[in-house]
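Q: Structure in structure tokens, see below.
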Amino acid sequence: MSRKILVTGGAGYIGSHIVRQLGESGYDIVIYDNCSTGIPQAVLCGELIVGDLSDINRLYQIFGKYRFDAVIHLAARLVVPESVDYPLEYYSNNTCNTTNLLHCCNVMGVDKLIFSSTAAVYGESHHSPVTEDVTPLPINPYGRSKLMSELIIQDYAKASSLRYVILRYFNVGGADPAGRIGQNSRHANHLIANACNAALKRQPTLKIFGTDFPTPDGTGIRDYIHVEDLATAHIDSLRYLEDGGNSEIFNCGYGEGYSVRQVVERVKAISGVDFPVINGERRAGDPASVTASIEKIKKVLNWQPRYNNLDAIISSALAWEKRKLKSCE
Ligand code: UDP
């Protein structure tokens, strides 16, 4: 009998890539998504249920009906500046809704959970690359909402048979290499997507948020990971838990940092478009530099990234944005 997996947020950017890989690996998938940022067309396999995690009665019904073997929990709000302006939305959506899901796992005996967390839990870590055992100190409500969820999951696991894998995502970019799915959210305001949109003239300029950070060129440094490799980390985590693995936290990045200016230069080179760039103020809640240590995930999960290359991330993102532009014409 094939194993039944619940993916919350499976109609979103990262979730849709995970769902596709789960389908290719023979899993039976139910996607629960409120489609606030995700879209039904991104769900390439499995059964999509449109609903909100705040609706705990509906969740209980769904858990009762499907008898999941494991849950992959992604559904969340994830825009740092938005979290600064609307913190309660973030604590309700990200933290309280995680508790709802755990209640259902508890009542229905689901004992395997993969949780989508973030490098934002580290805040202004002075260790770079940062290892998973560094004490997290998030500097914005988004990071705090995720850290609180991590702690709740850990407390609950101690008191139950739950085993979890917490994946702390660094900066996710790129799209399905076959071009079927990619970043769709109208609210996405991430660097690579914005720079691609500037190259495609969908926005007039690219604004750099902060040029006075304590980094070599003054702009923020991040560790960019291809969405396809990130999705694979979830499949690897699931297999690890199925094989009896202990609860663990893993960073998901490549262990390499690129500044905003470096990313912008690569987008210009790959697109062949020299779009205008404006030097702007720092964005609220942005740390200077965040890169991952990835020794642990490679060792424990034997995770083998296949697209570890900034140009590969940018090329697939650009191809996806072009495709979206064409479909609007
Ligand atoms: N950034 C920028 N211009 C943009 C979008 C982002 O300069 O239009 C910067 C941002 O300040 C950060 C880096 O690019 O230093 C990555 O930001 P993004 O929003 O992609 O991800 P985050 O690190 O905030 O999760």
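Q: Conditions first: (1) more than 9 Å from the ligand (Cβ to nearest atom); (2) at pLDDT below 95; (3) out of contact with any Leu (no Cβ under 9 Å at 6 or more places or on another chain). A193 passes all but one, so which condition is the exception?
A: Result: A193 passes all but (1).
Q: Away from the ligand (no atom under 16 Å from the Cβ), touching a Lys or Arg at 6+ places or on another chain (Cβ under 8 Å) and of a type in the set (D, E, K, R), is that true of R58? Talk me through it step by step, then tell me what you get.
A: On the way: away from the ligand (no atom under 16 Å from the Cβ): yes; touching a Lys or Arg at 6+ places or on another chain (Cβ under 8 Å): no; of a type in the set (D, E, K, R): yes.
So R58 does not fit the description; no.
Q: So how many residues does region 145-163 have that are under 21 Å from L78 (Cα atoms) and surrounded by 18 or more Cβ atoms within 10 Å (Cβ to Cβ)?
A: 7
Q: Please work out if V227 is among the β-branched types (V, I, T) and within 20 Å of I18 (Cα to Cα).
A: Working: among the β-branched types (V, I, T): yes; within 20 Å of I18 (Cα to Cα): yes.
So V227 passes the test.
Q: So is A199 more than 11 Å from the ligand (Cβ to nearest atom) and surrounded by fewer than 21 Cβ atoms within 10 Å (Cβ to Cβ) or not? Step through it out loud before you land on a result.
A: Working: more than 11 Å from the ligand (Cβ to nearest atom): yes; surrounded by fewer than 21 Cβ atoms within 10 Å (Cβ to Cβ): no.
Here the answer is no, as A199 does not meet what is asked.
To keep it simple, each residue is scored yes or no on (1) closer than 27 Å to T211 by Cα; (2) buried (at least 21 other Cβ atoms within 10 Å of the Cβ); (3) within 16 Å of the ligand (Cβ to nearest atom); (4) modelled with pLDDT under 95.
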{"site": "D243", "(1), (2), (3), (4)": "no, no, no, no"}
{"site": "S247", "(1), (2), (3), (4)": "no, no, no, no"}
{"site": "Y258", "(1), (2), (3), (4)": "yes, yes, yes, no"}
{"site": "A269", "(1), (2), (3), (4)": "yes, no, no, no"}
{"site": "A288", "(1), (2), (3), (4)": "yes, no, yes, yes"}
{"site": "S293", "(1), (2), (3), (4)": "yes, no, no, no"}
{"site": "Q304", "(1), (2), (3), (4)": "no, no, no, no"}
{"site": "D311", "(1), (2), (3), (4)": "yes, no, no, no"}
{"site": "K324", "(1), (2), (3), (4)": "no, no, no, yes"}
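Q: Any residue that is at pLDDT 95 or above and within 29 Å of N189 (Cβ to Cβ) - is there at least one of those in region 54-64?
A: Keep residues of region 54-64 that are at pLDDT 95 or above, which gives 54-64.
Subsequent filtering for residues that are within 29 Å of N189 (Cβ to Cβ) retains 54-55.
Yes, that holds for at least one residue.
Q: How many residues does region 1-28 hold that are buried (at least 24 other Cβ atoms within 10 Å of the Cβ) and assigned to a strand (DSSP E or B)?
A: 4
Q: Something else about it: Would you mention how many residues in region 164-190 are of a type in the set (A, V, I, L, M, F, W, C) and away from the ligand (no atom under 16 Å from the Cβ)? Full working, then the answer.
A: Just the residues of region 164-190 that are of a type in the set (A, V, I, L, M, F, W, C), to begin with: 165-167, 170, 172, 175, 178, 181, 188.
Remaining after also requiring away from the ligand (no atom under 16 Å from the Cβ): 165-166, 178, 181.
Of the residues in that region, 4 qualify.
Q: Which one is surrounded by the most Cβ atoms within 10 Å (Cβ to Cβ) among residues in region 29-48 that are touching a residue at least 40 places away in the same chain (Cβ under 8 Å) and in a loop (DSSP other than H, G, I, E, B)?
A: The extreme case among them is G38.
The values are calculated or read from the model by the stated rules, or taken from the named source; none is laboratory data. This one's a predicted model, so the numbers in the text were calculated from it and none came from an experiment. In this analysis, Cβ positions are derived from the backbone assuming ideal geometry, glycine residues included, and neighbour counts consider all displayed protein chains.
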